Amino acid sequence: MQVGIGYDLHRLVPDRKLVLGGVPIEYELGLYGHSDADVVLHAVIDSLLGACGLGDIGDLFPDTDPAYKDIDSTKLLAKVLAMLAEHGFSIRHVDVIIHAEKPKLKHHKPVIRRRLAELMGVSPEQVNVKAKTNETLDAVGRGEAIAAWSAATVEKRS
């Protein structure tokens, strides 16, 4: 078993769609970034890469590369999953914490969990999603940004 952690944060801006874990969320603001800025998928990608010792999202998909401009992060995750398979790794579990003051994510967590499981080809029992506020502290707490943390465990197939 190997463990990796991932983190991402993007600021909220008008005129962008909000996508978390590959799920469109109805909200008046969206996350700003070179890609679709899906902080959940970016954190998951980094935790998977970290667990396998395969670098990080910025190395593989730099924000200076026009090929990744506005890309759907599910496509980035698919590339990373292919890398994991190529190196003989399988996902055991992924745990995610989404930090957002707004929108409230209580009712979105089960949908995000199922979507993450679907995207990674694992059962929903192998994925956990939590949502926390930052109690009005810092950029997340002021509603200026959304952040996500992820921990992943993988197993090397023999």
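The values are calculated or read from the model by the stated rules, or taken from the named source; none is laboratory data. Please read all numbers here as calculations on a predicted model, not as lab measurements. With ideal geometry, Cβ positions are generated from the backbone for all residues, glycine too; neighbour counts draw on all protein chains shown. To get the accessible areas, we keep the full protein, side chains included, count just its heavy atoms, and leave off ligands, DNA and RNA. Shrake-Rupley method; radii C 1.70, N 1.55, O 1.52, S 1.80 Å.
Per residue, how much accessible area does region 59-158 have with a 1.4 Å probe, in Å²?
Heavy-atom SASA per residue in region 59-158 reads 56 Å².
Give me the three principal axis extents of the chain from the C-alpha atoms, as integers in angstrom, largest value leading.
47, 35, 24
I want the local charge near VAL122. Using Cβ-Cβ distances under 13 Å, sum +1 for each Lys or Arg and -1 for each Asp or Glu among the other residues.
Charge balance in the 13 Å sphere: 0.
Filter LYS17/LYS109; LYS79/LYS130; LYS79/LYS156 down to the pairs with a C-alpha to C-alpha distance above 21 Å, please.
LYS79/LYS130
Under 1.5 on a/c is rounded, so check that first for region 16-56, then, if it is not, pick prolate when a/b is larger than b/c and oblate when it is not; a ≥ b ≥ c are the square roots of the alpha carbon gyration tensor eigenvalues.
Prolate is the answer for region 16-56, as a/c is 1.5 or above and a/b outweighs b/c.
Calculated from DSSP H runs of 4 or more alone, at -39500 (n - 2.57) each and per residue, what is the 222 nm mean residue ellipticity of the chain, nearest 500?
-9000 deg cm²/dmol, from helical runs alone.
Counting only protein heavy atoms and a 1.4 Å probe, tell me what percentage of region 16-102's accessible area is made up of carbon and sulfur.
Roughly 52 percent, rounded to a whole number.
Please give the length that would be gained between TYR7 and ARG114 if that part of the chain were fully extended, namely 0.36 nm times their separation in residues minus their C-alpha to C-alpha distance (nm, one decimal).
That pair, TYR7 and ARG114, stretches by 36.5 nm at full extension.
Any chance you could run the full-extension gain for VAL122 through ASP70? It's 0.36 nm times the residue separation minus the Cα-Cα distance, nm to one decimal.
Contour length minus Cα-Cα distance gives 16.1 nm.
If you count, for each residue, the other Cβ atoms within 10 Å and average over each peptide, how do 132-143, 34-45 line up from highest to lowest?
34-45, 132-143
Under 8 Å for C-alpha pairs, at least 6 residues apart: give me the relative contact order for the chain, rounded to a whole percent.
34
Shape of region 1-72 from its Cα gyration tensor (a ≥ b ≥ c, root eigenvalues): rounded if a/c is under 1.5, otherwise prolate when a/b > b/c, or oblate?
oblate
On a 0 to 90° scale, report how tilted helix 39-52 is relative to the longest principal axis of the chain, with both axes built from alpha carbons and the result rounded to the nearest 10.
Helix 39-52 and the main axis of the chain meet at about 20 degrees.
Any idea how far apart ARG142 and LYS17 come out in nm if each label point goes 7 Å out from Cα toward Cβ?
2.9
Check the straight Cα-Cα distances from LYS102 and name the aspartates and glutamates below 13 Å, setting aside those fewer than 8 residues away within the same chain.
Qualifying aspartates and glutamates at Cα under 13 Å: GLU26, GLU28, GLU135, GLU144.
Mean shadow of region 60-114, computed from the convex hull of its alpha carbons, in nm²?
Projected over every direction and averaged, the Cα hull of region 60-114 covers 5.6 nm².
PRE reach from LYS130 (point 7 Å along Cα→Cβ): which of region 1-44 fall under 19 Å by backbone N?
What the label zone holds, given the 19 Å backbone N cut-off, is 3-9, 21, 39-44.
Tally Lys/Arg at +1 and Asp/Glu at -1 over every other residue whose Cβ is under 13 Å from the Cβ of ALA147; what's the total?
Around ALA147, the charge tally is -2.
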